[in-house]
Structure formats: C-alpha cells, structure tokens
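Working notes, structure below.
The values are calculated or read from the model by the stated rules, or taken from the named source; none is laboratory data. All figures in this text were calculated on a predicted structure; none of them were measured in a lab. Because the Cβ atoms are built from the backbone with ideal geometry, glycine has one as well, and the counts that use them run over all protein chains shown. Note: accessible area is taken over every heavy atom of the protein model, side chains too, but ligands, DNA and RNA are not part of it. Shrake-Rupley method; radii C 1.70, N 1.55, O 1.52, S 1.80 Å.
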Amino acid sequence: MKNYIKCASIALIWGILQSMSYLKNEGSVRLSDIILQSSISSSSIVPAYLIEETLKMMPFFMFQILFGTLIYQHFCTASVYYFSRCTAKIPWFLKETRKILFLAITYNILVLAVTVGAALIFCPIQMDEVGIILAVYLILIQSLWLFFTSIAMNLLAIKFGSQNGFMIVMIIQVALITLLLLWQNILPVEDSPQVAWNGFLLKWNLISHLFLNWHSSQYPEVNRLIHNFDFSFDLNLSVLVLFCACAVMVCIGCFVIRRYDLIVLDAEDR
C-alpha cells in the first residue's frame with residue numbers, strides 16, 4: 001500500500017505542474033493538444049529541443065528513483081539463506097515485476113488524469129477522438145519504458161549496488177538522448193534523399209520511441225497531427241519494440257534471480 005501512496009503522490013504533483021501551462025489559457029483546448037504537450041515531443045532534432053524534452057522526463061526519473069530498487073530492497077532486508085534455498089525464485093520475481101508494471105501503468109494514467117482534470121479548472125476541454133487514441137498510446141509507451149528501465153535498475157542494483165544501478169541507467173538514458181544529435185546532421189531525417197534509411201536507423205535508438213510526434217499512425221486524423229517526418233514510424237511498432245525489450249529484460253532477470261546465491265558468493269569474495 002505504501003508504494004501505491006508514493007505513486008499517487010508523485011503523479012498528483014506532476015499532473016498539477018503540467019496543468020499550470022493552461023492557467024492563463026483563453027478559450028477551449030483539445031484533449032489531443034494536452035496529450036501532445038504532456039508527452040515528450042519535438043518538432044526538430046536540435047540541441048535546444050532535446051534539452052527541453054530531457055527536462056520533460058523528470059516524472060520518469062522520479063518514478064525510477066522511487067521504484068528502481070523495489071525488487072532490490074528484498075535482497076537488503078531478507079535473509080540471504082531464503083533466496084539461496086528458495087525453490088520458487090522465478091515465480092517470486094515475476095510477481096514482483098508485475099507490481100512494477102502495475103505501478104508504471106497506474107502512474108501514467110494518474111499523471112494524465114490529474115493534468116486533464118486540473119486543466120479543466122482553468123479552461124474548457126474538447127474531448128476529441130484523436131486525443132483519446134493518443135492518450136492510450138502515450139500510457140502504453142511510457143508505461144513500458146518505465147517498466148523496462150525500472151527492472152534494469154533493480155537488476156543492476158542486485159549486481160552492483162543501488163546507487164550504481166541507478167546511475168548506470170540514468171547515464172544510458174541521457175546518452176541515448178545525446179545520440180539523437182546524430183540525426184541532426186549526420187543522419188538527417190529532413191531534406192535528405194536517405195530519409196527512409198535514416199529513419200530506420202533512428203528506430204534502433206530506444207529513446208526515440210518516446211517522442212510521440214515523431215510517429216505515424218494508421219488513423220488519418222491521428223497521423224495528420226503527429227507525423228512530423230517523412231518516414232514511417234508507426235505507434236504500434238513502438239509498443240511492440242518496447243514490449244519485446246521488456247520481455248528480454250524480464251528473461252534476463254529470471255536468469256539473474258535464479259543464480260542469486262552465486263552472485264552473493266561472488267560479491268563476498270570481492
């Protein structure tokens with residue numbers, strides 16, 4: 001219950017902060033506009049925009065701070081002998097990963113709900129169909145990313161300690177954002193005959209899947225609103241890629257947890 005209170009508390013804070021941009025808004029605003037403004041999005045790949053979007057990832061970082069050691073904490077408080085003799089390590093680990101997934105989904109739903117609810121106090125909101133579709137994709141993509149990074153943090157914390165595990169994942173995230181600068185001049189996705197190929201390479205940078213308005217969609221109305229670049233980047237692809245990344249991370253976690261008693265012995269030897 002304590003974890004859910006933490007999750008709801010930080011979701012409430014970030015939702016209210018995001019709604020502040022509508023404090024002096026004149027006239028109504030569409031739900032789709034709120035979704036895009038709340039999401040990580042950039043009209044171009046330039047340093048100024050990327051720095052701004054990195055700051056928009058602060059809600060992600062807060063979630064990772066709180067739940068990036070959720071599984072690791074069991075290894076700090078529980079007896080080593082429990083994990084070395086436990087015959088159901090993998091089912092236990094999968095149960096813990098489900099908790100993190102549920103927290104990630106709950107967190108993203110609450111942040112968005114609070115943002116929309118608080119914005120409604122300041123101005124009328126038009127509930128358009130495009131906004132609802134984008135909201136579903138936003139929650140799915142961001143929840144999968146939080147799940148992926150949080151599981152990675154927990155596993156690295158088991159191996160290297162909580163501070164090191166957190167810092168490694170944070171550095172990787174910042175590095176992935178920095179690497180996006182490759183697509184500014186070296187692999188441009190605008191005004192280039194190699195747009196399709198460069199766009200294909202961009203999808204290999206996992207962080208690019210968080211930029212909602214870089215995507216395309218099979219729904220014409222949605223596509224007109226978000227499709228900024230001249231290459232296909234389907235929203236469904238991002239959901240699939242991040243789902244597969246999460247599945248791989250869970251499989252790695254099952255292997256690590258199954259060998260936990262050996263890890264403990266290795267750590268003691270060092």
ask   = Any idea what the relative contact order of the chain is, in percent, if you count C-alpha pairs under 8 Å spaced at least 6 apart?
value = 27
Hypothetical label at Gln37: residues of region 121-155 whose amide nitrogen lies under 13 Å (7 Å Cα-Cβ projection) = 121-126
request  = Exposed loop GluC sites (Glu not before Pro) only (DSSP loop, at most 14 other Cβ atoms within 10 Å): please give the longest stretch of the chain free of them, not including the sites.
outcome  = 27-189
query = What nm value, rounded to one decimal, do you get for the distance between Leu120 and Ser192 when each label is placed 7 Å out toward the C-beta?
reply = 4.4
remark   = Summing -39500 (n - 2.57) over every DSSP H run of at least 4 residues in the chain and dividing by its residue count gives a helix-only mean residue ellipticity at 222 nm, to the nearest 500 deg cm²/dmol, of -23000 deg cm²/dmol
inquiry  = For region 2-53, what does the accessible surface come to per residue with a 1.4 Å probe? Please give it in Å².
reply    = 53
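Between Val46 and Met167, 0.36 nm times their residue separation minus their Cα-Cα distance comes to what?
On the way: separation 121, 0.36 × 121 = 43.56 nm, distance 2.53 nm.
Additional length available on full extension: 41.0 nm.
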Shape of region 100-236, Cα gyration tensor, a/c cut at 1.5 = oblate
query = Between Leu94 and Phe200, what FRET efficiency follows from the Cβ-Cβ distance if R0 is 35 Å, with the result rounded to 0.05?
reply = 0.55
ask   = Rounded if a/c is under 1.5, else prolate if a/b is larger than b/c, else oblate: which is region 1-127, with a ≥ b ≥ c the root eigenvalues of its Cα gyration tensor?
value = prolate
query = Under DSSP H, which helices of the chain have Cα atoms covering 18 Å or more of the helix axis and a Kyte-Doolittle average no less than -0.5?
reply = 2-19, 89-122, 129-160, 162-179, 235-258
note = On the accessible surface of the chain, probed at 1.4 Å with all protein chains in place, carbon and sulfur together account for a percent value of 66
Relative contact order, percent, region 147-270 [alpha-carbon distance under 8 Å, six or more residues apart] = 22
ask   = Ignoring ligands, DNA and RNA, what accessible area per residue does region 104-171 give at 1.4 Å, in Å²?
value = 40
key: Extension gain, Thr54 back to Leu179 (0.36 nm per residue minus Cα-Cα distance, nm)   = 43.7 nm
